Every structure is written in structure tokens, then in C-alpha cells.
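Worksheet: the structure to be examined is printed underneath.
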Amino acid sequence: MGRRTITIVAIAGVMVLAAFGIWYTQYDNHQMTTSNETDDEIIENKEMKTVEDGRTLINIEETPDVEINSVEEFSYPFQIEEYVVESPDFRWAPTAPQFVNDRVIAFDMDDSKLQQSFVGLFDRSSKKYEKIYSAPPFFIINSLVGIDNVLYWVEYDRNPSLELKWRIMSMDLGNKKIEMIKQGISQDGTDPPILRVYGKKVTWIEYEVENQIVTSKAMILHQDRQKAIEVIAETKLSEKDGRDGYYFAVQTPTDRGLVIQQSKYQNKDGKSQKSYVITLFPYDRSKAVDLLIGERIIDFNVHGNWFVWTEEGKVSVASLQDGKVKYRFSGKSKTLTNDTPFIKNDFLIYRYGMNRVFIANLKTGKHQGLLEEKIITTKLFRSGEYLSYGIIERNGQNSRMKFVVIK
């Protein structure tokens with residue numbers, strides 16, 4: 001696979017329970033290439049197919065131009081680095097590389113034995129690992145993300161209830177200053193915020209419940225605007241005499257806007273009919289566009305002129321310019337899930353099942369496994385120009401976490 005170097009380092013530190021080993025592996029598959037793409041680029045006004053009211057841009061049942069169920073090797077213009085950390089910390093608290101920049105890898109972890117949540121930091125140069133933050137007792141840390149040198153995460157009550165207290169926190173990695181960004185209560189069993197990031201934007205969904213009406217609000221924090229927060233989209237679901245309206249389920253921030261999976265309820269004669277709609281809400285608040293309706297969509301993303309969504313056993317890629325399905329990649333199993341699809345340049349990278357990561361060239365349709373793995377693989381994460389995922393390895397009393405970074 002080209003150049004490969006391995007270094008083995010043993011480190012003992014105050015913040016770690018015992019000495020641990022760190023291995024660093026680097027793969028250089030083909031030469032690095034440059035791209036005009038920037039992670040902050042917003043292309044809302046780029047040509048996209050016009051959609052009539054009541055219609056979707058994509059027909060999920062449409063036959064693709066190319067259906068691919070075979071693997072064909074090809075070169076890709078990315079550098080892959082692996083870091084393996086072995087520590088007793090990971091025995092009860094497996095994790096994943098949720099945020100990556102040119103200096104560090106950051107992650108949250110919850111020790112199920114101690115009932116304690118932490119934020120961990122791994123220095124890519126010194127190969128040192130430390131815990132930089134501990135949540136208050138009875139709180140869980142979740143959905144850690146980062147922009148530049150600032151981390152964000154959500155803390156909420158460990159014990160579930162109909163009224164779940166939560167707060168969004170941030171940490172400046174330069175001075176380790178902690179700041180509470182926002183706090184609230186998830187009512188009637190609604191979920192606490194799940195943070196997702198693109199460019200300089202941190203996004204999440206909040207819910208308000210009043211008089212049997214659930215209001216969903218899609219939120220954006222702008223780090224480059226002194227952390228100003230705005231509501232970019234809002235919808236309502238009435239639960240009086242049967243559900244009627246829309247409910248935001250999960251969001252994906254993209255270069256074109258915030259893409260949200262909505263539950264749509266139509267009340268007819270006191271009976272609710274439910275469907276799922278993927279909708280693009282442009283950042284400039286221009287008219288929202290329904291991309292597709294589907295019952296079994298697992299995950300989705302938009303980048304440039306591409307729209308990708310995953311289901312059990314297959315991944316579909318469509319063009320936003322004409323609304324046509326260009327590729328459909330099928331796995332060996334028709335029941336294994338596919339998730340966390342990301343498009344980098346003209347390459348699609350996604351997780352298949354829980355033990356493989358695949359890459360596809362969207363110019364040629366070629367499709368192959370990224371690295372050969374037979375063990376548990378986490379979902380993928382995007383941090384600016386980096387993609388990352390983790391591999392969980394058991395080793396007696398210790399556990400090893402392998403962090404894979406793609407640039």
C-alpha cells in the first residue's frame with residue numbers, strides 16, 4: 001500500500017492508571033493531491049434541480065445508472081495514519097476519535113464500572129494520552145465535536161426521566177477554559193441535543209412541549225461569530241386526538257445547508273399515518289427542499305452535487321443537479337447496516353456492518369474496502385479536512401483503541 005512506518009512508544013504518566021504502549025502506523029496510498037475544496041465552503045446557490053411543491057428531488061425507488069456489488073481495487077489520494085493506545089481506561093470505556101486536528105485527537109468516554117464520564121486527549125506528536133475533563137457525578141458526556149482548537153459536548157442526567165436536564169459545554173484546548181454554552185430540559189421523553197459540526201458551525205435539535213404540541217428547533221452555533229446561536233428551522237407536531245405535523249429526528253450539517261430527517265404525521269379521521277422525509281434547509285433560509293421519502297433510511301449526507309443515503313445492505317448516491325440515482329453499492333449481506341457516509345473530494349467513505357469501512361470513487365464507480373479489519377469498528381467522524389474512526393481490540397485486563405485518521 002505504499003510507504004508504511006511503525007514506531008512503538010511506552011509511556012507512563014500521572015493521568016493514566018498504568019504504563020501503556022502506543023504504536024503509530026502511516027500509509028501513503030498514492031501521492032497526496034491538492035483540491036480547491038475548503039471545509040468552510042458554502043455552495044447553497046450552486047445549481048440544483050427545481051422541485052415542485054409536494055414532490056421530492058430524488059425518487060428512492062428509481063433504478064440507478066450503475067449497480068455495483070463487486071470489489072475492485074484502486075488508488076486514492078489520501079494519507080491514512082493509525083495510532084494505537086493501550087490502557088486499562090478503555091476496558092470499561094471504549095471510545096472513538098470524535099475530533100481530530102493537526103495536533104490532537106479528542107474523545108469522550110463513559111466508564112460503566114465507575115459510572116463516570118470523561119473527555120480524553122491524545123497528542124499526535126508526543127503520543128501522550130490524558131484525561132482533561134471529568135463530568136459531574138450522575139452526568140453522561142455525549143456527542144463530542146470540535147472546531148479548530150475548541151471542543152464542544154453535551155452533558156445530561158445519567159438516570160433517564162421524562163424531564164432530562166442537559167447542558168452544552170465547550171473547552172478551549174489552549175487554556176483548558178470551560179464554558180457552559182446553553183442548558184435546557186428535554187420534556188416528555190424527547191432526546192437531549194446531539195451535536196454535529198460542519199466548518200465553523202455546531203448544530204443540534206431542541207424540543208419544547210406545551211399543550212400537547214411538540215416544537216422542534218434546529219439550532220446553529222457560529223464559532224466565527226462569537227458563538228452566536230440561531231434557530232435555522234422550526235416545525236410543530238400536534239399530539240391532540242392523534243399526531244399531526246412534523247418532528248425533527250436528526251440533523252446533518254453540510255455545505256449546502258442543514259439536512260434533517262423528519263417524521264411526518266398526517267391525521268386522517270383520528271388515525272395518524274407516518275412517513276419519513278429527508279429535507280434540506282439552506283443556511284440563508286431560502287425555501288427548504290424535500291430530497292426523498294423513505295421508510296428504512298439509516299443515514300444520509302450531502303456534499304457538493306452529491307446526495308448519499310444508506311439502508312440495510314445498500315448505499316445509494318444521487319445527483320442533486322438532475323435528481324437521478326447514479327450509483328448503488330450493495331454489500332454481501334442484505335441485512336447488515338451501512339452508516340456514516342462522508343464524501344471527500346469525489347470519494348465516498350462509509351461503514352459497512354460493524355467491522356468494515358468502504359471507499360468508492362464517484363468518478364469511476366470503483367468500490368473497495370479501505371483497510372482489512374475483522375473486529376469492531378466505530379462509526380466515522382468528520383473534523384474539517386480529517387475523517388476518522390476507531391477500532392476496538394480486547395487484550396486481557398487492558399483494551400486497545402486504534403484511531404484511524406484519513407487526510
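Points worth noting:
- Whole-Hz ³J(HN,Hα) from phi, Karplus 6.51 cos²θ - 1.76 cosθ + 1.60, for region 129-137, glycine and proline x: 10, 8, 8, 9, 7, 10, 6, x, x
- Within the same chain, aspartates and glutamates fewer than 8 places from LYS127 are excluded, and of the rest, those with a Cα less than 12 Å from its Cα are GLU82, GLU86.
- Across ASN345, ASN142, ASN211, mean-square fluctuation computed from a Gaussian network of the chain (C-alpha pairs under 10 Å connected) peaks at ASN211.
- GLY146 long-range amide H proximity, modeled H, under 5 Å: TYR152
- Once you reduce region 378-392 and region 51-82 to the center of their Cα atoms, the two points are 20 Å from each other.
- The packing ranking, built from the mean of other Cβ atoms within 10 Å per residue, places the peptides 102-115, 145-158 in the order 145-158, 102-115, highest first.
- Comparing LYS177, LYS131, LYS227 in a Gaussian network model of the chain, where Cα atoms under 10 Å apart are tied by springs, the biggest mean-square fluctuation is seen for LYS177.
- Among PHE138, PHE118, PHE99, residue whose mean-square fluctuation peaks in a GNM of the chain (springs only between Cα atoms under 10 Å): PHE138
- Residues whose amide H comes within less than 5 Å of that of VAL104, counting only those at least five positions distant or on another chain, are ARG124 (H built at 1.01 Å from N in the peptide plane).
- Sparsely packed GluC sites (Glu not before Pro) within region 241-333, loop by DSSP, other Cβ within 10 Å at most 14: GLU295, GLU312
- Simple label model, 7 Å out from Cα along Cβ direction - ILE194 to MET354, nm: 1.7
- Each residue of region 283-293 was assigned a 3J(HN,Hα) from its phi angle through the Karplus expression (A = 6.51, B = -1.76, C = 1.60, θ = phi - 60°), giving 5, 7, 6, 5, 4, 5, 10, 6, 7, 6, 10 Hz with x at Gly and Pro.
- Here region 312-371 and region 222-256 have alpha carbon centers that stand 27 Å from each other.
- (i) 21.6, 68; (ii) 41.6, 173; (iii) 23.2, 78, with the label sought being that of the calculated Rg and Dmax of the Cα atoms in Å: (i)
- Annotation: amide H-H contacts under 5 Å for GLN116 (H modelled 1.01 Å from N, sequence separation of 5 or more, or interchain): ASP111.
- Charge dipole (Cα centre; +1 on Lys/Arg Cβ, -1 on Asp/Glu Cβ; no other charges) of the chain amounts to roughly 700 debye.
- Spacing of the modelled spin labels on SER275 and GLU163, each 7 Å from Cα toward Cβ, amounts to 3.8 nm.
- Integer Hz, Karplus 6.51/-1.76/1.60 couplings in order for region 113-122, x for Gly and Pro: 7, 8, 6, 9, 9, 9, 10, x, 9, 10
- A Förster radius of 35 Å combined with the Cβ-Cβ distance from GLU179 to GLN266 puts the calculated FRET efficiency at roughly 0.25.
- For ALA249 and LYS379, the difference between the fully extended length at 0.36 nm per residue and the C-alpha to C-alpha distance is 44.9 nm.
- Additional length obtainable on full extension of the chain from SER75 to SER125, 0.36 nm per residue less Cα span: 15.3 nm
- The residues MET180, MET354, when put in order of fewest to most other Cβ atoms within 10 Å, stand as MET180, MET354.
- Among the listed pairs LYS268/LYS379; LYS200/LYS334; LYS182/LYS334; LYS287/LYS344, those beyond 32 Å (Cα-Cα): LYS268/LYS379; LYS200/LYS334; LYS182/LYS334
- Segment SER286-GLU210, length gained on full extension (0.36 nm per residue, minus Cα span): 24.6 nm
Bear in mind that the values in this text are calculations on the coordinates, not laboratory data. As the structure is a computational prediction, the values presented were derived from the model and not from experiment. For neighbour counting, all protein chains shown are included, and Cβ atoms are generated from backbone atoms with ideal geometry for every residue, glycine included.
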